[in-house]
Structures are given as structure tokens and as C-alpha cells.
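Read through the structure below, which is laid out as C-alpha cells, and then see the notes.
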Amino acid sequence: MPPSRRIPPVAAAVLAAALAPALLGGCAAAPPASSPPEAPMSPSTPPTPPPAAAARTLVLDVGETATLDDGSRLTYLRLVNDSRCPPGVQCIWAGDAEIALRWQPARGPAQEASLHTSPLQGRATATTFGPWQVRLEDLARGDAPKATLHIAPAGG
């Protein structure tokens with residue numbers, strides 16, 4: 001077996017002092033003075049709701065806007081049509097009412113959708129806006145009825 005070579009203690013101390021800044025420099029480096037600008041989200045990647053986002057129920061008047069947990073806004077635009085059977089009247093069918101909604105994300109273009117009180121004939125009673133599922137739970141009676149909407153993270 002070949003004899004091992006020992007480094008004299010003074011040389012080892014000089015070598016350690018010379019290498020220490022290079023080896024430990026990454027650990028002690030200060031963070032950059034400014035971070036690069038946040039890249040815009042691509043239109044094909046829907047935003048995700050905050051981790052603490054929870055389902056909730058909103059009651060909106062026509063023209064009213066609610067701000068959701070992610071900063072997006074949901075507006076009840078108008079009553080489109082109401083052919084529901086009036087209270088106290090016996091009808092052949094219950095009828096249907098339709099409302100128009102607009103969702104404006106914090107960044108990006110707004111989206112609009114209509115929701116119905118009746119799912120018959122394939123009518124939508126819920127829609128997905130970005131990371132949110134919005135369902136029409138109830139619609140009061142009248143010319144400008146209050147809409148009760150259930151808002152929940154999509155897919156949850």
C-alpha cells in the first residue's frame with residue numbers, strides 16, 4: 001500500500017481559508033435587489049382560486065357586482081326572460097327564468113353566460129368562470145328579482 005501524504009497544518013489552514021468563501025458563498029448570498037416581473041398568465045391556463053377559497057352563497061340584485069376571493073368580479077347583468085308559472089296558479093309546466101351574468105377576472109377579458117332556473121331541455125343552471133363554478137340556486141319573482149348564486153371552486 002502506498003504511503004499516505006499529509007498536508008502540513010499551516011497549508012491546510014490556508015487552503016480552507018481560500019476555499020471557504022467559494023464554497024459558502026451561495027449560502028450567504030443576499031437576495032437580488034429586485035425580482036423579475038411576473039410573467040402574464042397564458043389564456044389557456046385558467047387561474048386557480050386561493051387555497052383558502054371556500055364555497056359560499058351570494059344574493060345579488062340586478063346590476064350588483066360581488067368580488068370573489070381571487071379578486072375577480074361577478075355581476076348579475078339582467079333578467080333575460082321569465083316564463084315561470086305565477087304563485088298560486090296551477091300550470092301545465094313550471095316554466096323557466098333566465099339571467100345573464102358577467103365574470104371579470106383580475107387579469108384578462110370578461111366572460112358572460114346565462115343561467116336558467118330549470119335544467120329541462122338542456123338549459124344550463126350552472127357554469128364555470130375561470131376557477132369558479134357558479135350555480136343559480138334561486139330566483140325571486142318580479143321585474144328585477146334577486147338571484148341566489150352558489151359560488152365554489154371549480155372541480156371541488
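The values are calculated or read from the model by the stated rules, or taken from the named source; none is laboratory data. Predicted model, so just to flag it, every value in this text is computed and none were measured. Quick reminder, even Gly has a Cβ in these numbers, built from the backbone with ideal geometry, and neighbours come from all protein chains shown.
Worth pointing out:
- Within the stretch 78-99, the residues that satisfy the criterion of being surrounded by 17 or more Cβ atoms within 10 Å (Cβ to Cβ) and under 27 Å from the mean Cα position of the chain (by Cα) are Leu79, Glu98, Ile99.
- Residue in the stretch 124-136 that is of a type in the set (D, E, K, R), over 13 Å from Val62 (Cα atoms) and either surrounded by fewer than 15 Cβ atoms within 10 Å (Cβ to Cβ) or at pLDDT 95 or above (or both) present: yes
- Cβ-Cβ distances below 6 Å connect the following pairs, each with a first residue in the stretch 67-96 that is touching a residue at least 12 places away in the same chain (Cβ under 8 Å), a second residue that is among the β-branched types (Val, Ile, Thr) and surrounded by fewer than 16 Cβ atoms within 10 Å (Cβ to Cβ), and a separation of six or more residues or different chains: Arg73/Thr65; Arg73/Thr67; Thr75/Thr65.
- Selection within the stretch 116-156 - over 14 Å from Arg84 (Cα atoms), among the aliphatic types (A, V, I, L, M) and not in a loop (DSSP other than H, G, I, E, B): Ala126, Val134, Leu136, Ala147, Leu149, Ile151, Ala152
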